[in-house]
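Down below is the structure, laid out as structure tokens.
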Amino acid sequence: MPDNRPIGIFDSGIGGLTIARSVSELMPDEQILFFGDTAHLPYGDKSAEAIKSYVKRIAEFFVDNDCKLILLACNSASAAAYPMLQKLHSGKVPVLNVIDPNVEYVCRKKYNTVGIIGTKATITSRAYNRKFATAAPDLIVKSIATPLLAPMIEEGFFNNNISQTVVNSYLSNKKLSGIEALVLACTHYPLIKPEIEKYFATLHTKVEVIDSTDVISEYTRKQLNIHRMLADKDRVPEHLFCVSDFTASFQKTTNIFYGEAVKLKHVPIWG
């Protein structure tokens, strides 16, 4: 039987709209309930315990709204809170993170050396390193924190000289030398993928820049199929985009991440 309940997609801000857009494009029949915890962004500088408390409450919001699946569309939240959330909702609702799909993809490509860029919380958690160590013990993993990129993108600085300079500065870090692929471990980074590719092209270096949005949406469809949760075909779903704190700036920025302006609904779940 088709399952027309919504997919709950969560991010620490509204950068996760890049994943929501990819999911919607790949599965136009699926309804999306998006929640951006704009009251507590950025998660990149928060402690693991703080992130866990935020994620736990937001997952309850999804369950209360009868979501059939929860997707942590945030690398920082995936690194800090996924095991806890999976345990809490085991047997009730499937919980997905954004790290496992990227790890699975890299392992399929059989690279020898991979680079990872993300927030401080994602990189210092070493979540990617641990998963790669299990899935591909011989893989060399090189990771660096790139904390300026997300706020830079949110302010509209991408695909220009300023952003290219910042991107070049990070990617020239010697820790990333010799990589064959680069995982963009932040929902904001797909917007600067052209600039990242331009950097490597200038060096005449062949590096696959992995757009995690496409990888994650494909993985999500696979999991929905496994759990027999795909929606009816040819339906027109009504998406809902919620935030824990509303400002005109957040509303304006939705166009950057979703590709079109969407109406944000203020849902103050923190009281």
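The values are calculated or read from the model by the stated rules, or taken from the named source; none is laboratory data. It should be emphasised that the depicted structure is a prediction, and the values quoted were computed from it without experimental measurement. Cβ coordinates were reconstructed from backbone atoms using ideal geometry, including for glycine residues, and neighbour counts include every protein chain displayed.
Need the failing condition index for Glu30 against (1) touching a Phe, Trp or Tyr at 6+ places or on another chain (Cβ under 9 Å); (2) within 17 Å of Leu224 (Cβ to Cβ), just the number.
In the conditions (1) touching a Phe, Trp or Tyr at 6+ places or on another chain (Cβ under 9 Å); (2) within 17 Å of Leu224 (Cβ to Cβ), Glu30 misses (1) alone.
Given Asp29, Asp100, Asp66, Asp3, which one is of a type outside the set (Lys, Arg), out of contact with any Leu (no Cβ under 8 Å at 6 or more places or on another chain), surrounded by fewer than 22 Cβ atoms within 10 Å (Cβ to Cβ) and outside any helix (DSSP H, G or I)? Outline the logic, then answer.
Numbers: Asp29 fails: out of contact with any Leu (no Cβ under 8 Å at 6 or more places or on another chain); Asp100 fails: outside any helix (DSSP H, G or I); Asp3 fails: out of contact with any Leu (no Cβ under 8 Å at 6 or more places or on another chain).
So the residue among Asp29, Asp100, Asp66, Asp3 that is of a type outside the set (Lys, Arg), out of contact with any Leu (no Cβ under 8 Å at 6 or more places or on another chain), surrounded by fewer than 22 Cβ atoms within 10 Å (Cβ to Cβ) and outside any helix (DSSP H, G or I) is Asp66.
Can you go through Ile162, Ile144 and tell me which one is hydrophobic (A, V, I, L, M, F, W, C) and modelled with pLDDT of 95 or more? It would help to see each step written out before you state the result.
Values: Ile162 fails: modelled with pLDDT of 95 or more.
None of the other options fit; the residue is Ile144.
Any idea which residue in the range 166-182 is surrounded by the most Cβ atoms within 10 Å (Cβ to Cβ), counting only those that are hydroxyl-bearing (Ser, Thr, Tyr) and closer than 12 Å to Leu149 by Cβ? Working first, answer last.
Going through the range 166-182, the residues hydroxyl-bearing (Ser, Thr, Tyr) turn out to be 169-170, 172, 177.
Applying the additional criterion that residues be closer than 12 Å to Leu149 by Cβ yields 169-170.
Numbers: Ser169: 12, Tyr170: 17.
That would be Tyr170.
Can you name the residue in the range 197-241 that is free of Cβ contacts under 8 Å to residues at least 60 places away in the same chain and aromatic (Phe, Trp, Tyr) and, of all such residues, is surrounded by the most Cβ atoms within 10 Å (Cβ to Cβ)?
For the range 197-241, the residue satisfying everything is Tyr199.
Hey, can you tell me all the residues within the range 37-59 that are small (Gly, Ala, Ser) and not in a helix (DSSP H, G or I)?
Hits for the range 37-59 are Ala39, Ser47.
Does Ser24 satisfy being under 16 Å from Ser212 (Cα atoms), in contact with a His (Cβ under 8 Å, 6 or more places away or on another chain) and either surrounded by 21 or more Cβ atoms within 10 Å (Cβ to Cβ) or assigned by TED's automatic domain parsing to the domain that holds Val262 (or both)? Steps first, answer last, please.
Working: under 16 Å from Ser212 (Cα atoms): yes; in contact with a His (Cβ under 8 Å, 6 or more places away or on another chain): yes; either surrounded by 21 or more Cβ atoms within 10 Å (Cβ to Cβ) or assigned by TED's automatic domain parsing to the domain that holds Val262 (or both): yes.
In short, yes.
Might you check whether a residue that is buried (at least 22 other Cβ atoms within 10 Å of the Cβ), in contact (Cβ under 8 Å) with a residue 24 or more places away in the chain, touching a helix residue (DSSP H, G or I) at 6+ places or on another chain (Cβ under 9 Å) and part of a strand (DSSP E or B) occurs anywhere in the range 72-87?
Yes; the residues of the range 72-87 include at least one that is buried (at least 22 other Cβ atoms within 10 Å of the Cβ), in contact (Cβ under 8 Å) with a residue 24 or more places away in the chain, touching a helix residue (DSSP H, G or I) at 6+ places or on another chain (Cβ under 9 Å) and part of a strand (DSSP E or B).
Okay, residues lined up against (1) in contact with a Phe, Trp or Tyr (Cβ under 9 Å, 6 or more places away or on another chain); (2) over 20 Å from Gly156 (Cβ atoms):
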{"residue": "Met229", "(1), (2)": "no, yes"}
{"residue": "Lys233", "(1), (2)": "no, yes"}
{"residue": "His239", "(1), (2)": "yes, yes"}
{"residue": "Val243", "(1), (2)": "yes, no"}
{"residue": "Phe250", "(1), (2)": "no, no"}
{"residue": "Ile256", "(1), (2)": "yes, no"}
{"residue": "Val262", "(1), (2)": "yes, no"}
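Each row is one residue, and each column tells you yes or no for (1) within 17 Å of the chain's Cα centre (by Cα); (2) closer than 16 Å to His188 by Cα.
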{"site": "Phe61", "(1), (2)": "no, no"}
{"site": "Asp66", "(1), (2)": "no, no"}
{"site": "Val98", "(1), (2)": "yes, yes"}
{"site": "Lys142", "(1), (2)": "no, no"}
{"site": "Ala145", "(1), (2)": "yes, yes"}
{"site": "Gly156", "(1), (2)": "no, yes"}
{"site": "Asn168", "(1), (2)": "no, no"}
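Residue by residue, here is whether (1) farther than 27 Å from Ala248 by Cα; (2) in contact with a strand residue (DSSP E or B) (Cβ under 9 Å, 6 or more places away or on another chain); (3) at pLDDT below 95; (4) aromatic (Phe, Trp, Tyr) holds:
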{"position": "Met1", "(1), (2), (3), (4)": "yes, no, yes, no"}
{"position": "Ser12", "(1), (2), (3), (4)": "no, yes, yes, no"}
{"position": "Ile19", "(1), (2), (3), (4)": "no, yes, no, no"}
{"position": "Ser22", "(1), (2), (3), (4)": "no, no, no, no"}
{"position": "Pro42", "(1), (2), (3), (4)": "no, no, yes, no"}
{"position": "Tyr54", "(1), (2), (3), (4)": "no, no, no, yes"}
{"position": "Ser76", "(1), (2), (3), (4)": "no, yes, yes, no"}
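Checking Ser90 against (1) modelled with pLDDT under 95; (2) buried (at least 20 other Cβ atoms within 10 Å of the Cβ), which test does it fail?
(2)
Could you grab me the full set of residues in the range 118-141 that are buried (at least 24 other Cβ atoms within 10 Å of the Cβ) and part of a strand (DSSP E or B)?
Gly118
Could we say that Ile144 is surrounded by fewer than 17 Cβ atoms within 10 Å (Cβ to Cβ), assigned to a helix (DSSP H, G or I) and not small (Gly, Ala, Ser) here? Working first, answer last.
Working: surrounded by fewer than 17 Cβ atoms within 10 Å (Cβ to Cβ): yes; assigned to a helix (DSSP H, G or I): no; not small (Gly, Ala, Ser): yes.
Against the criterion (surrounded by fewer than 17 Cβ atoms within 10 Å (Cβ to Cβ), assigned to a helix (DSSP H, G or I) and not small (Gly, Ala, Ser)), Ile144 does not qualify.
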